[in-house]
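Scroll down for the structure; my scribbles are underneath it.
The values are calculated or read from the model by the stated rules, or taken from the named source; none is laboratory data. Remember, predicted model here, so these are calculated numbers, not experimental data. Cβ sites come from the backbone with ideal geometry, for glycine too, and all protein chains shown count toward neighbours.
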């Protein structure tokens, strides 16, 4: 994590700078090397002494920003307070996707249980798109697509057919053999095999 420490209308002492950098290392173990922290120290003369030293931290991580600030009688005390806040919020931020996945799994299990009891899926769950996946497609021959599908362990594979230069879907049939879907715009529907 890259950390920048600067003072606004105040010169940051070497001791305070070293102390804050050392404290910011606590956050580093939860973040990756792409994360950035911008720490700003400022002294407010119009506040009471107990709140005159302010430390603000902007933490850029995982495409999001966490901000925190604290005030105390010294920069070190304020840094301790704000880093404690950010540490808790970073843990919460990292926990959120796991919590969301757990909640989705619980909803899915409840839906499956209802479906097993009723014998019919709930209408809104049946027609809802739950995931969108985008990926690069490269032209290849059917044999290459078949070996790639086997390599990935998938039951279907979407590719651009190098011979026809059209999108095709290769899939494994229930009998263990393979099928190929080649869409035709405005064409008829054909069944062969």
Original post:
List, please: which pairs have Cβ atoms under 6 Å, are six or more places apart or on different chains, and start with a residue in the stretch 139-152 that is in a strand (DSSP E or B) and end with one that is surrounded by 12 or more Cβ atoms within 10 Å (Cβ to Cβ)?
Top reply: 139/160; 139/162; 140/159; 140/162
Subject >> Positions within the stretch 176-193 being loosely packed, with under 10 Cβ neighbours inside 10 Å and either at pLDDT below 90 or closer than 24 Å to residue 133 by Cβ (or both), in sequence order >> reply: 176, 183, 184, 185, 186, 187, 188, 189, 190, 191, 192, 193
Original post:
Looking at the stretch 34-45, is at least one residue surrounded by fewer than 17 Cβ atoms within 10 Å (Cβ to Cβ), at pLDDT below 80 and out of contact with any strand residue (DSSP E or B) (no Cβ under 7 Å at 6 or more places or on another chain)?
Top reply: yes
Original post:
For residue 9, all conditions in the list (1) free of Cβ contacts under 8 Å to residues at least 60 places away in the same chain; (2) buried (at least 16 other Cβ atoms within 10 Å of the Cβ) hold save one; what is the number of the exception?
Top reply: (2)
